[in-house]
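The values are calculated or read from the model by the stated rules, or taken from the named source; none is laboratory data. What you see is a predicted model; the values in this text were computed from it and never measured. A quick note on method: Cβ atoms are made from the backbone with ideal geometry, for glycine too, and the neighbour counts reach across all protein chains shown. Side chains are part of the model used for accessible areas, which takes the heavy atoms of the whole protein and leaves out ligands, DNA and RNA. Shrake-Rupley method; radii C 1.70, N 1.55, O 1.52, S 1.80 Å.
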Amino acid sequence: MKIVHLSDTHLGFRQLHRVNDAGRNEREQDVYDAFERAISKIIELAPAAVIHAGDLFDSYHPSSAALGVALDGLGRLREAGIPVVVIAGNHSSPRVAAAEHIFGVLERFGGAHMIYGGPREVRIGDLAVHAIPHDNDPQRLGAALRQARPSTDAALNVLVAHVGLDGLGQVVGSEAGSVTLSGEVLTDTGDFDYIALGHLHKFAPACGNAAYAGSLERLSWADDAPVKGIIEVDLGAGRRSPDYLALHPIEGRRFVTLDPVDAAAVANLSDAIIARADGVDLAGAMVRLSVRNVSVADWNAVDHKAIVSAYAGALHFEREPQLIGATTTVAAAAPGLRDFLLGWAGEHAPGLDTDNFVARAEAFIALADQELAA
């Protein structure tokens, strides 16, 4: 029996202020396009079941557009005769108990098994899917995972959960409501044929029989996954077989990080930045360039209009000046901002490199000043 595992589709995600001809946010459309390509690939593979490991939506109150895309995709799988199990992730889970869960609507009209509010077992022929949705209480979520056991009367057992595990890194940074547990929690579960995980945004095996599918689209520069896709799992082959897991790529928006420019080593900074675009296909891409060792005065003197023109073919061009002596300008640009940023970081992001954090804030302030003046 083969199943397909995907996760973190984040339907409804928006980024930037660019819209397409239909008036929809470009990055929002990227997420929808990736989801639709994944649905088409799943139908081509014709698995016995599809497991979605959480964060179907980017918010627990998705837009009508996001809801429509989800219903259309689930409808296509239903028409193809492919059963679907979807668990709630932290993004799709209300923070308060009084809020209605959107999964109730999808369960009534989408034809899929939508798991929220607590663990549930779903039977699909000889397969038992042990679904553990996100829980805002880390202790309760950890206990549910540790207590999970395969059903002895099922030929095959799959566990699905949406949770971060220590030691596997952070791809998307900290998220509201997210839960990260010790990686040892998986060793306490029963011996499942496969454990489908969601939350980490890149494909990553967690142990012999467990893996993260990753997101279908890169949502930030922190996501360095070389390939995005869906996992085809051959439960019959077994975890020691090379055919056990197969990652099928799903095309998404290109992210291009150019080689950095060292301002201290070039005669003309504007020309050096423009030259980085030479010979590189940047059409429609998200592009990033770091400029090192640049003073505030030199950055202000850059010909930003010429640079914007040179990179006009990209969907977005992000300049990251690493400014020398940045903190003094933060104070001048917005009195009290430095203290606010340091206080916020201390409260919400312990362990953050605060000097770098404030320097980046200065860089964005300087960049905004230039773009407003342009």
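Here each label is just a point 7 Å from Cα along the line to Cβ, and for residue 188 and residue 149 those points are 1.5 nm apart. Could you work out what % of the accessible surface of segment 115-154 is carbon and sulfur, using a 1.4 angstrom probe and leaving DNA, RNA and ligands out of the count? Of the solvent-accessible surface of segment 115-154, carbon and sulfur hold 45 percent. The order of the peptides 215-226, 234-245, 15-26 by mean Cβ neighbours within 10 Å, most packed first, is 215-226, 234-245, 15-26. Fully extending the segment from residue 206 to residue 281 would add 23.5 nm, taking 0.36 nm per residue of separation and subtracting the current Cα-Cα distance. Counting only lysines at least 8 places from residue 202 when in the same chain, those with an alpha carbon closer than 25 Å to its own are 2, 41, 228. Approximating the spin labels as points 7 Å out from Cα along Cα→Cβ, the residue 251-to-residue 107 distance works out to 3.8 nm. Nonpolar atom fraction for segment 7-103, defined as the carbon and sulfur part of the 1.4 Å probe accessible area, stands at 49 percent. Per residue, segment 1-85 exposes 40 Å² of solvent-accessible protein surface, assessed with a 1.4 angstrom probe and all protein chains in place.
Residues in segment 147-298 average 44 Å² of solvent-accessible surface per residue, probe 1.4 Å, ligands and nucleic acids excluded.
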